[in-house]
1. Considering only segment 60-72, how many residues are within 21 Å of Ser114 (Cα to Cα) and exposed (fewer than 14 other Cβ atoms within 10 Å of the Cβ)?
2. Report the residue count in segment 78-128 for those that are buried (at least 16 other Cβ atoms within 10 Å of the Cβ), among the hydroxyl-bearing types (Ser, Thr, Tyr) and touching a Ser or Thr at 6+ places or on another chain (Cβ under 6 Å).
3. Lys126 - would you say it is free of Cβ contacts under 8 Å to residues at least 12 places away in the same chain and of a type in the set (Lys, Arg)?
4. Let me confirm something: among Val75, Val132, which residue is out of contact with any helix residue (DSSP H, G or I) (no Cβ under 8 Å at 6 or more places or on another chain), exposed (fewer than 14 other Cβ atoms within 10 Å of the Cβ) and hydrophobic (A, V, I, L, M, F, W, C)?
5. For segment 69-86, name all the residues that are modelled with pLDDT under 90 and of a type outside the set (D, E, K, R).
6. Out of (1) touching a Phe, Trp or Tyr at 6+ places or on another chain (Cβ under 9 Å); (2) outside any helix (DSSP H, G or I), the odd one out for Ile124 is which?
7. Can we say Lys54 is among the charged types (D, E, K, R), within 22 Å of Thr137 (Cβ to Cβ) and in contact (Cβ under 8 Å) with a residue 60 or more places away in the chain?
Amino acid sequence: MMRKKQHIFRLSITILILLFIITSAFAQLPTGYRLVKGESPIGRDDFYTNGRIKIFHDVIQEFGDGGAANWIKSVYQGFTIIKTKDGLVVGIGNQNGTNMYMVFKGHTYYTATSKDDSNEFSEISKYILRKVRELGTSFLE
């Protein structure tokens, strides 16, 4: 009987540890950000905001020739494009008075937008890059 209780206890601890690992794998945005649900039933137009900065992600099925860098050039003229050593593509620029910071990993991209080019926007841009490197395309999903 004692052996059975020990086995159940070990199993319970293992399950708790696995649940902790699974839930901690999903990124948490810094304090103050809230999810704003869009009209799409599958969440394609959902975004996170703190009232000053908007963060969202999406997937592009087809880039055409040249991948993400050429897609950014064709859609957002004048953006600075950086290809990182670890295979990410970063686009930085201003579109109609809105600052944009985009990080592409494969066909998935993450974007931060803000009217203000503040230190806060700079910090959240670095945060997004760091989290995409850590978690890949599971960031914000």
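1. Result for segment 60-72: 0.
2. Of the residues in that region, 3 qualify.
3. Answer is yes for this residue.
4. Val75
5. Residues of segment 69-86 that are modelled with pLDDT under 90, as a first pass: 69-78.
Ala69, Asn70, Trp71, Ile72, Ser74, Val75, Tyr76, Gln77, Gly78, listed by residue number.
6. The failed condition is (2).
7. Values: among the charged types (D, E, K, R): yes; within 22 Å of Thr137 (Cβ to Cβ): yes; in contact (Cβ under 8 Å) with a residue 60 or more places away in the chain: yes.
The answer is yes for Lys54.
The values are calculated or read from the model by the stated rules, or taken from the named source; none is laboratory data. Since we're looking at a predicted model, the values are computed, not measured. When we count neighbours, we look across all protein chains shown, and the Cβ atoms used for this are built from the backbone with ideal geometry, even at glycine.
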